[in-house]
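Below is one structure; the comments refer to it alone.
Derivation of every value follows stated rules applied to the coordinates shown; laboratory data play no part. Only a predicted model underlies this, so the values are computations on that prediction, with no experimental measurement involved. Quick reminder, even Gly has a Cβ in these numbers, built from the backbone with ideal geometry, and neighbours come from all protein chains shown.
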Amino acid sequence: MLIGILQCGHFPEELQDGVGDYGEIYQRLLSNRGYDFAVYPVVDGIFPDGPTACDAWLISGSKFGAYEDLPWIPPLEDLIRAIHTSKRPLVGICFGHQIIAQALGGKVDKFTGGWGIGRQTYHFDQGDLALNAWHQDQIVALPPEARVVGSSASCQFAALAYGDHVLTMQPHPEFGAPEMGGLLRLKGQDVLDPIALSKAQADLAVPVDNPLAAEKIAKFFEKVLA
């Protein structure tokens, strides 16, 4: 199976020596499953030829907002709609979750409750998962086709499904302690008050359910393609 990673941002350059860029981080999440990967840095204007270039697709996180006036966002939305029409499996993570919703008729905006950062509990249809978050934007209006398959105390639309072939989630199952710890060191004081920052740092020692989320994504890809 060839997984196309649509990379919508770059992990901070100061932290890449330890964990790599987003393309490497997602490949590590889904490693040891026999998958091949093709990384398309759409944030830099590099796109695949179309939805049939890969068997399945994953849209990454990003520091940008889905609603920003950036030259690569309209063609990305066109590609999302083409993948959706083709019924190829599509997964969106954080920004990917948001841009898919926007492309299919939903609305994304800054959350009035502030940032969601660190270890959070998400209530999925099949059970709870503890995953890391790093976002201020949220989906505030659902697309017509979307159904909610996951939520949290601070994120009503934390996971969505569209038909049987699109699955998206707000949290970052690709962020473990190295990624989160680096982001907290680099940016934590800019976005969190001291108490929230201290809690997020302490939670780095508490396990998260990234392997279970990776298994969920892999089973989704394989079920759709079967």
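Does anything in region 155-179 have its amide N under 13 Å from the 7 Å Cα→Cβ label point of THR52, and if so which residues?
So the set is empty, nothing qualifies.
Would you work out the charge dipole size for the chain about its Cα centre, treating the Cβ of every Lys and Arg as +1 and the Cβ of every Asp and Glu as -1, and quote it to the nearest 20 debye?
On the way: 16 positive and 27 negative charges, 109 e Å.
Value, rounded to 20: 520 debye.
Rounded to the nearest 20 Debye, what is the dipole magnitude of region 37-139 about its Cα centre when Lys and Arg each give +1 and Asp and Glu each give -1 at the C-beta? Write out the running numbers ahead of the final one.
On the way: 7 positive and 11 negative charges, 34 e Å.
With only Lys, Arg, Asp and Glu charged at Cβ, the dipole is about 160 debye.
Taking a cut-off of 27 Å between Cα atoms, list the lysines near LYS107, but don't count ones fewer than 8 places away on the same chain.
LYS63, LYS87, LYS187, LYS216
Mind telling me which of GLN170, GLN189, GLN16 comes out most flexible in a GNM of the chain, alpha-carbon contacts under 10 Å?
Largest GNM mean-square fluctuation: GLN189.
What residue among ILE59, CYS8, HIS97 has its Cα farthest toward the positive end of the dipole of region 1-126, where the charges are +1 on Lys, Arg and -1 on Asp, Glu, each on the Cβ?
Towards the positive end, the residue furthest out is HIS97.
Cα centroids of region 93-138 and region 44-82: how far apart, whole angstrom?
Centre-to-centre (Cα) distance: 18 Å.
By how many degrees, 0 to 90 and rounded to 10, does the Cα axis of helix 177-191 deviate from the longest principal axis of the chain?
Long axis of 177-191 versus the principal axis of the chain: about 70 degrees.
Residue by residue through region 70-82, which ³J(HN,Hα) values in whole Hz follow from phi under the Karplus form 6.51 cos²θ - 1.76 cosθ + 1.60 (θ = phi - 60°), with glycine and proline marked x?
Here the 3J(HN,Hα) series is 10, x, 8, 6, x, x, 5, 5, 4, 5, 4, 5, 5 Hz.
May I ask which residue of ILE83, ILE73, TYR40 lies farthest towards the positive end of the charge dipole of region 1-96, with charges of +1 (Lys, Arg) and -1 (Asp, Glu) on Cβ and the Cα centre as origin?
ILE83
Does anyone have the angle between helix 210-225 and the longest principal axis of the chain? Alpha-carbon axes, 0 to 90°, nearest 10?
For helix 210-225, the angle is close to 10 degrees.
Hey, if you drop one equal point scatterer on each alpha-carbon of region 144-189 and run the Debye formula without solvent, what base-10 log of I(q)/I(0) do you get at q = 0.16, 0.24, 0.26 Å⁻¹?
Debye output, listed in q order: -0.59, -0.85, -0.90.
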